[in-house]
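Engineer: To start, I am sharing the structure in question, which I have written as structure tokens.
The values are calculated or read from the model by the stated rules, or taken from the named source; none is laboratory data. The structure presented is a predicted model; accordingly, all values stated were derived computationally and were not measured. As a convention, Cβ positions derive from the backbone with ideal geometry for all residues, glycine included, and neighbour counts pool all protein chains shown.
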């Protein structure tokens with residue numbers, strides 16, 4: 001039985017290429033990867049967040065302390081354009097300013 005049983009081909013085709021190359025369990029390993037924005041380095045992945053009932057992550061927390069004094073932004077995984085596991089980089093389709101202006105991550109208290 002296919003691992004994609006019950007998922008339409010159309011839904012699978014809409015998935016970004018980087019995500020099709022990685023299993024969901026591998027996405028946890030993005031922690032510590034450098035985040036590369038369209039105009040340069042924007043920080044690093046500090047956490048992968050699962051806020052839905054699926055096994056797929058929904059958001060990444062990007063720590064941009066070196067550039068923006070400890071600010072942590074929450075980005076949807078939908079802005080990820082590519083993941084280079086060898087280089088430990090996550091490329092996003094946002095500028096550094098857009099990463100900075102994304103909603104701030106405030107951990108639950």
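Engineer: Please name all residue pairs, on different chains or six or more residues apart, with Cβ atoms under 7 Å, provided the first residue is in region 85-103 and is on the phi > 0 side of the Ramachandran plot and touching a residue at least 12 places away in the same chain (Cβ under 8 Å) and the second residue is surrounded by 14 or more Cβ atoms within 10 Å (Cβ to Cβ) and part of a strand (DSSP E or B).
Structural biologist: Between residues of region 85-103 that are on the phi > 0 side of the Ramachandran plot and touching a residue at least 12 places away in the same chain (Cβ under 8 Å) and residues that are surrounded by 14 or more Cβ atoms within 10 Å (Cβ to Cβ) and part of a strand (DSSP E or B), the close pairs are 88/34.
Let's see how each residue does on (1) modelled with pLDDT of 65 or more; (2) surrounded by 14 or more Cβ atoms within 10 Å (Cβ to Cβ); (3) more than 26 Å from residue 107 (Cβ to Cβ):
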position: 21; (1), (2), (3): no, no, yes
position: 34; (1), (2), (3): yes, yes, no
position: 46; (1), (2), (3): yes, yes, no
position: 49; (1), (2), (3): yes, yes, no
position: 55; (1), (2), (3): yes, no, no
position: 59; (1), (2), (3): yes, yes, no
position: 63; (1), (2), (3): yes, yes, no
position: 79; (1), (2), (3): yes, yes, no
position: 95; (1), (2), (3): yes, yes, no
